[in-house]
Amino acid sequence: MPKKRSLETVLAPTPKGNSTCDRIVAAARKKLVDNGVDRFSLRELATSLDLKLSNVQYYFKTREALLLHVFEREAAADVAVIEAKRASGSEREAFRAIVRELVIRWRGDSGILMSTLGTISLHHKEFRDLYRSIYESFYGALEASVRGINHELNDDEVRLRVRLVTALVDGSSMQVRVGDLQTFLDRVQDQAEQIALS
């Protein structure tokens with residue numbers, strides 16, 4: 001398991017500072033989704049926010065530091081979805097809701113961001129370490145859900161099934177022309193549940 005990466009961010013202790021940091025991250029996320037990583041620059045981001053470049057660099061020293069933070073925050077949102085769904089309803093209903101929500105998220109901006117991270121990770125060690133760390137956190141959260149609906153599985157089998165469910169969700173999120181989306185999502189949920197239970 002890769003070492004936990006520490007962000008190169010310095011958050012100001014004031015509410016105004018945190019608000020500025022949140023604005024920077026939100027705008028960076030949007031620009032990354034809309035324009036891709038090749039056209040992403042701190043200078044352009046600062047201009048679009050009516051900030052000086054030095055103000056952006058106060059929070060994120062480099063472009064890479066900001067990108068890493070955006071990816072990490074996006075991945076944390078996926079884990080938060082899993083945890084929130086597990087806290088509501090039965091384990092089985094929660095598992096189905098998790099699968100549905102992840103497919104929907106990954107068919108949108110979240111999928112664009114994680115695909116971008118995957119591509120960048122092929123060439124940059126720090127991004128590769130983050131990618132692996134993100135998936136380990138994600139797998140850990142999903143393992144708890146699979147254990148919740150199938151108590152008889154040993155640890156190795158839980159890990160395998162989580163990866164199979166993840167592959168199903170990943171692949172499902174990339175499909176186009178799925179027909180009726182609700183029917184498609186229902187079938188994906190059914191198949192994920194079958195993987196977890198059988």
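Pairs only if they're at least six apart or on different chains, beta carbon under 9 angstrom, first in the range 155-177 and within 15 Å of E136 (Cβ to Cβ), second among the acidic types (D, E); list them, first residue then second.
D155/E143; V158/E143; R159/E143; V162/E143
Only one of R132, R147 is of a type in the set (K, R), within 29 Å of R73 (Cβ to Cβ) and either in contact with a helix residue (DSSP H, G or I) (Cβ under 7 Å, 6 or more places away or on another chain) or open to solvent by less than 40 Å² (accessible area, probe 1.4 Å) (or both); which?
Numbers: R132 fails: either in contact with a helix residue (DSSP H, G or I) (Cβ under 7 Å, 6 or more places away or on another chain) or open to solvent by less than 40 Å² (accessible area, probe 1.4 Å) (or both).
Within the list R132, R147, the selection yields R147.
How many of the residues making up the range 150-198 are exposed (fewer than 11 other Cβ atoms within 10 Å of the Cβ) and of a type in the set (D, E)?
The qualifying residues number 4.
May I ask you to verify whether A65 is in contact with a strand residue (DSSP E or B) (Cβ under 9 Å, 6 or more places away or on another chain), over 20 Å from G108 (Cβ atoms) and not basic (K, R)? Don't jump to the end; show me each part of the working.
Values: in contact with a strand residue (DSSP E or B) (Cβ under 9 Å, 6 or more places away or on another chain): yes; over 20 Å from G108 (Cβ atoms): yes; not basic (K, R): yes.
For A65, the condition - in contact with a strand residue (DSSP E or B) (Cβ under 9 Å, 6 or more places away or on another chain), over 20 Å from G108 (Cβ atoms) and not basic (K, R) - is met.
Consider the range 1-33. How many of its residues are open to solvent by less than 70 Å² (accessible area, probe 1.4 Å), modelled with pLDDT under 95 and under 17 Å from the mean Cα position of the chain (by Cα)?
The qualifying residues number 2.
With the requirement that a residue be outside any helix (DSSP H, G or I) and either among the small types (G, A, S) or touching a strand residue (DSSP E or B) at 6+ places or on another chain (Cβ under 8 Å) (or both), what does the range 152-198 give you? I'd like the intermediate steps shown before the answer.
Here is the first cut: in the range 152-198, the ones outside any helix (DSSP H, G or I) are 152-154, 174-180, 198.
Listed by number, the residues that qualify are G179, S198.
I'd like to know if the range 34-57 contains one or more residues that are open to solvent by less than 20 Å² (accessible area, probe 1.4 Å), of a type in the set (F, W, Y) and over 30 Å from A144 (Cα atoms).
Looking only at the range 34-57, we keep the residues that are open to solvent by less than 20 Å² (accessible area, probe 1.4 Å), and these are 40, 42, 45-46, 56.
Within this subset, residues satisfying the condition of being of a type in the set (F, W, Y) are 40.
If we keep only those that are over 30 Å from A144 (Cα atoms) too, we end up with 40.
Scanning the range 34-57 turns up at least one residue that is open to solvent by less than 20 Å² (accessible area, probe 1.4 Å), of a type in the set (F, W, Y) and over 30 Å from A144 (Cα atoms).
Mind listing whichever residues of the range 104-140 are touching a Phe, Trp or Tyr at 6+ places or on another chain (Cβ under 6 Å) and among the small types (G, A, S)?
Within the range 104-140, just S121 meets the criteria.
I need the full set of residues from the range 90-129 which are open to solvent by less than 60 Å² (accessible area, probe 1.4 Å) and not in a helix (DSSP H, G or I), in order please.
Selection gives S90, G108.
Would you call V146 touching a Lys or Arg at 6+ places or on another chain (Cβ under 9 Å) and either on the phi < 0 side of the Ramachandran plot or not hydroxyl-bearing (S, T, Y) (or both)? First the steps, then the outcome.
Working: touching a Lys or Arg at 6+ places or on another chain (Cβ under 9 Å): yes; either on the phi < 0 side of the Ramachandran plot or not hydroxyl-bearing (S, T, Y) (or both): yes.
Answer is yes for this residue.
Does the range 48-63 contain at least one residue that is touching an Asp or Glu at 6+ places or on another chain (Cβ under 6 Å), in contact (Cβ under 8 Å) with a residue 24 or more places away in the chain and part of a loop (DSSP other than H, G, I, E, B)?
Restricting attention to the range 48-63, the residues satisfying the condition of being touching an Asp or Glu at 6+ places or on another chain (Cβ under 6 Å) are 61.
If we keep only those that are in contact (Cβ under 8 Å) with a residue 24 or more places away in the chain as well, we get 61.
Checking the rest, the ones that are also part of a loop (DSSP other than H, G, I, E, B) come to 61.
Yes, some residue in the range 48-63 is touching an Asp or Glu at 6+ places or on another chain (Cβ under 6 Å), in contact (Cβ under 8 Å) with a residue 24 or more places away in the chain and part of a loop (DSSP other than H, G, I, E, B).
The values are calculated or read from the model by the stated rules, or taken from the named source; none is laboratory data. On a predicted model such as this, the values are computed, not experimentally measured, just so you know. When we count neighbours, we look across all protein chains shown, and the Cβ atoms used for this are built from the backbone with ideal geometry, even at glycine. Just so you know, the surface numbers come from the protein's heavy atoms only, side chains and all, with ligands and any DNA or RNA stripped out. Shrake-Rupley method; radii C 1.70, N 1.55, O 1.52, S 1.80 Å.
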